[in-house]
2 protein chains.
Amino acid sequence: MKPYFITFILLLTLSVSLCVAQTTPATILEDFKPSTLNQPGKEYPMVNSQGYARFKVKAPDAQSVTVGLGGRGGTKLTKGADTLWVGTTASPLDEGFHYYHLTVDGGVFNDPGTLNFYGSTRWESGIEIPAHDQDFYALKDVPHGNVQQILFPSPSTNTSRRAFVYTPPGYGKDKKKRYPVLYLQHGWGEDETAWSNQGHANLIMDNLIAEGKIKPFIIVMTYGMTNEIKFGGLRNFDIKPFQTVLVDELIPYVDANFNTIADQPHRAMAGLSMGGMETKTITLNKPEVFSHYALLSGGTYAPADIKDKSKVKLIFISCGSKERPDGVKNAAAALKEAGLNAVSYVSEGTAHEFLTWRRSLYQLAPLLFKD
Amino acid sequence: MKPYFITFILLLTLSVSLCVAQTTPATILEDFKPSTLNQPGKEYPMVNSQGYARFKVKAPDAQSVTVGLGGRGGTKLTKGADTLWVGTTASPLDEGFHYYHLTVDGGVFNDPGTLNFYGSTRWESGIEIPAHDQDFYALKDVPHGNVQQILFPSPSTNTSRRAFVYTPPGYGKDKKKRYPVLYLQHGWGEDETAWSNQGHANLIMDNLIAEGKIKPFIIVMTYGMTNEIKFGGLRNFDIKPFQTVLVDELIPYVDANFNTIADQPHRAMAGLSMGGMETKTITLNKPEVFSHYALLSGGTYAPADIKDKSKVKLIFISCGSKERPDGVKNAAAALKEAGLNAVSYVSEGTAHEFLTWRRSLYQLAPLLFKD
């Protein structure tokens with residue numbers, strides 16, 4: 001499996017270096033607005049219509065304040081006459097969500113202006129560059145499903161573990177109505193909050209359901225770094241602890257406590273980045289458990305990986321156009337040629353970041369559980 | 001209503017000045033352990049068995065790093081030989097949860113070691129001094145209820161608003177089983193996440209239910225600062241916008257979408273601090289909606305406030321022993337003498353902080369919905 005891990009690291013490196021857009025407009029338009037991810041009442045950071053981000057931070061006695069965002073050493077802020085540190089990115093950022101942090105006199109802190117998001121194994125600052133297609137994950141006046149925090153018993157890890165369960169609008173009103181389930185995994189350094197907080201998975205589902213584009217299903221999101229791997233430790237990643245939690249503990253709990261269709265044809269697994277790696281390994285280890293597989297910027301399947309084609313209803317493979325779109329397209333073509341129902345999707349203009357994965361979920365959902 | 005607001009501000013001031021315990025042991029025991037609220041894998045801040053907190057922060061080029069916690073100007077950290085800033089509180093802290101933040105070269109940042117909690121209208125760092133009675137809110141191997149994020153339509157504020165709904169273990173399995181509901185409000189500067197994150201309301205309920213000490217009920221928690229009041233603005237607080245959201249929008253939504261007993265005898269309202277102020281005003285405005293009232297460090301009712309005693313099943317009033325316990329006890333005694341079912345509770349050794357409110361919920365829950 002080693003080549004796969006190397007691919008994963010390469011993808012990550014590539015995407016970090018590309019996550020700042022290449023074109024630099026002549027002038028920066030002064031139409032900056034607060035980022036939608038700011039804490040209530042906070043003006044900064046701001047974003048303009050071209051995708052530039054501007055930061056303003058209070059630290060009057062500091063020597064140096066830098067914003068770590070993207071792969072170019074970040075944005076060095078300068079102290080203004082008002083003693084506030086201010087600065088604008090050197091070029092526009094890609095549309096969508098970006099993690100970042102401040103370095104203040106050599107210490108790493110979050111921007112007090114923004115909400116925090118769990119990534120890189122820490123709660124980080126987040127900023128949102130409005131995407132031209134942001135409507136599909138917008139909060140709209142439609143019926144909303146719920147996101148439930150559950151605590152499920154996990155004998156293998158000797159604790160109660162947390163998961164979030166998206167239930168579609170109207171769930172539970174008719175006890176006889178039962179739903180398929182997608183198990184959806186976050187990436188390295190993230191946790192079970194990522195798909196709701198950064199990914200807006202619940203709003204994507206609410207909107208798709210309101211438009212009649214999908215048959216409602218349940219989504220379950222839990223923590224996938226069960227064996228506490230650290231960065232660099234992916235090469236020694238052992239899937240067993242997480243596979244046990246997911247397959248032997250979480251799935252039975254969900255099937256016992258939610259109105260699920262508790263069989264293989266109505267169970268999907270998907271994951272982004274490292275979560276794709278987990279999805280690939282677990283779906284291949286447990287073909288009797290899942291029928292729909294999706295890797296979002298998380299590698300590919302080869303036809304030879306699939307032992308029993310009759311058990312696989314869908315393979316979905318995606319990434320951003322700034323990652324390795326050809327790898328994704330070629331893998332899907334090869335799977336198709338081998339007789340599998342394979343679909344590839346490339347998110348235009350995005351890298352190894354959450355807009356790629358929001359869009360991927362939006363493309364994936366209508367393909368799931370079609371019969 | 002003005003005297004009430006002044007009382008509220010006084011309580012707040014009093015409690016801030018008292019939240020550092022008065023006794024200073026001769027020696028600080030070197031048995032420090034990471035605070036239970038640290039981010040995964042983070043060693044600092046630490047807490048020892050006497051309640052001292054020790055902080056360690058990386059900011060090698062900073063001039064000054066101070067921890068803002070309690071009312072004595074905070075703890076000034078000093079830079080060690082390893083260039084890390086370190087310091088220990090001058091005296092032990094009260095048991096329970098405390099908000100804090102760092103001031104680094106004049107800028108306010110969160111400690112990168114800890115999880116963040118919404119308080120003071122911003123996401124703040126949090127630290128937990130283990131309480132001698134922490135067992136009642138511990139995560140145990142018992143059946144767990146869920147905490148559901150719901151998005152409910154709010155025509156009056158022209159958006160979908162968020163609330164969290166605690167449903168007890170086994171909720172929904174038997175459609176015919178219906179539950180009473182407690183509407184539970186946070187304090188000033190906090191939001192609808194506070195009672196789960198800082199308060200552990202869900203674990204308190206799970207444990208009480210597992211021990212057979214209460215009949216299960218639902219808890220609903222939403223944002224109470226609907227009119228975006230700022231500090232100092234409490235004097236001009238208008239209850240109407242929030243009352244409309246709560247009574248005309250949220251309650252009908254909850255009754256339509258959850259298995260509730262949708263009548264006045266099975267509906268309670270409680271709130272801490274500013275949430276107590278809201279509870280008092282709304283329960284008195286809407287005696288036909290709620291039957292059980294609880295003010296947690298949030299003022300008192302006078303017998304004259306209650307127009308129709310037959311509509312009130314319980315009045316619960318509580319605070320910490322470092323607030324104004326006599327006010328709470330006297331108010332309950334007067335209500336009792338007037339023929340009301342009033343109960344007071346004083347949390348020993350705590351101030352205007354969350355351990356007072358965790359304990360208050362633990363005391364309140366068994367008194368609710370007794371018939």
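The values are calculated or read from the model by the stated rules, or taken from the named source; none is laboratory data. Quantities reported herein were computed from a predicted structural model and do not represent experimental measurements. In this analysis, Cβ positions are derived from the backbone assuming ideal geometry, glycine residues included, and neighbour counts consider all displayed protein chains. We work out accessible area using only protein heavy atoms, side chains counted, and drop any ligands, DNA or RNA first. Shrake-Rupley method; radii C 1.70, N 1.55, O 1.52, S 1.80 Å.
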Please figure out what share of the DSSP beta bridges in the protein assembly as shown is antiparallel and state it in percent, rounded to the nearest 5. 65
What is the average number of partner chain Cβ atoms found within 10 Å of a Cβ in A:208-218? 0
For the pair A and B, the solvent-accessible area buried on both sides (1.4 Å probe; DNA, RNA and ligands excluded), in Å² to the nearest hundred, is 3600
Would you please report the Å³ per residue occupied by the convex hull of the alpha carbon atoms in the range B:91-196? 179
With a 1.4 Å probe and all protein chains kept in place, how much accessible area does B:V86 have, in Å² rounded to the nearest 10? 50
Local electrostatic count, A:K329, Cβ distance below 15 Å [Lys/Arg +1, Asp/Glu -1]: -1
Where both partners of a DSSP beta bridge lie in the range B:136-367, what percent of those bridges are antiparallel, to the nearest 5? 35
Computed from the beta carbon distance with a Förster radius of 45 Å, FRET efficiency for A:A256 and B:T78 to the nearest 0.05 stands at 0.25
Under the rule of at least 5 residues apart or a separate chain, name every residue whose amide H is placed under 5 Å from the amide H of A:L182. A:I218, A:I219, A:V220, A:A268
Quote the FRET efficiency, to the nearest 0.05, computed for B:K311 versus B:A90 with a Förster distance R0 of 60 Å and r equal to the Cβ-Cβ distance. 0.75
Would you mind checking the radius of gyration and Dmax of the range B:305-371 based on alpha-carbon positions, in Å? 12.4, 36
Calculated [θ] (222 nm, deg cm²/dmol) that DSSP helices of n ≥ 4 give over chain A, each run adding -39,500 (n - 2.57): -6000 deg cm²/dmol
Measuring nothing but label to label, 7 Å from Cα along Cα→Cβ, what are B:G41's distances to the other copies in nm, shortest first? 3.5
Cα-based Rg and Dmax for the protein assembly as shown, where Dmax is the largest Cα-Cα distance (Å): 26.3, 84
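Within a 10 angstrom radius of each residue's Cβ in B:142-155, how many Cβ atoms of other chains show up on average? Whole number is fine.
Across B:142-155, the average partner-chain Cβ count within 10 Å equals 6.
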Per-pair calculated FRET efficiency, R0 = 30 Å: A:K329 and A:H132 via Cβ, rounded to 0.05: 0.85
Exercise: per-residue mean of other protein chain Cβ atoms within 10 Å, B:48-55: 0
What is the diffusion coefficient of the range B:136-367 in µm²/s, taking the Kirkwood radius over Cα pairs and the Stokes-Einstein relation at 10 °C with a viscosity of 1.306 mPa s? 90
Residue with peak Gaussian network fluctuation, chain B [Cα springs, cutoff 10 Å], from B:K322, B:K313, B:K33: B:K33
Carbon and sulfur %, accessible surface of the range B:191-340 computed with the full protein complex present, 1.4 Å: 51
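Would you mind working out the accessible area per residue for the protein assembly as shown, using a 1.4 Å probe, and quoting it in Å²?
38
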Would you mind checking A:K215/A:K329; A:K240/B:K140; A:K240/A:K322; A:K56/B:K42; A:K173/A:K215 for any pair whose Cα atoms are more than 22 angstrom apart? A:K215/A:K329; A:K240/B:K140; A:K240/A:K322; A:K56/B:K42
For A:K329, place a label point 7 Å out from Cα along the Cα→Cβ vector, do the same in each other copy, and report the separations in nm, one decimal, smallest first. 7.9
Radius 14 Å from Cβ of A:S49, net charge of other residues (Lys, Arg +1; Asp, Glu -1): -2
Over 24 Å apart: what share of the alpha carbon pairs of the range B:248-365 falls there, rounded to a whole percent? 25
Note: A:K213 to A:D61 extended length (0.36 nm per residue) minus current alpha-carbon separation gives 49.3 nm
Taking the alpha-carbon distance from A:K307 and a cut-off under 19 Å, which lysines remain once sequence neighbours fewer than 8 residues away in the same chain are dropped? A:K280, A:K286, A:K336
How much length is gained on full extension from A:L29 to A:K370, taking 0.36 nm per residue of separation minus their Cα-Cα distance? 118.2 nm
Just to confirm the numbers: B:P60, label point 7 angstrom along the Cα-Cβ line, distances to the other copies in nm, shortest first? 2.8
How far is it, in nm, from the label point at A:S120 to the one at A:T244 when both lie 7 Å from their Cα along the line to the Cβ? 3.3
Over what distance in Å are the Cα centres of the range A:143-208 and the range A:249-274 separated? 10
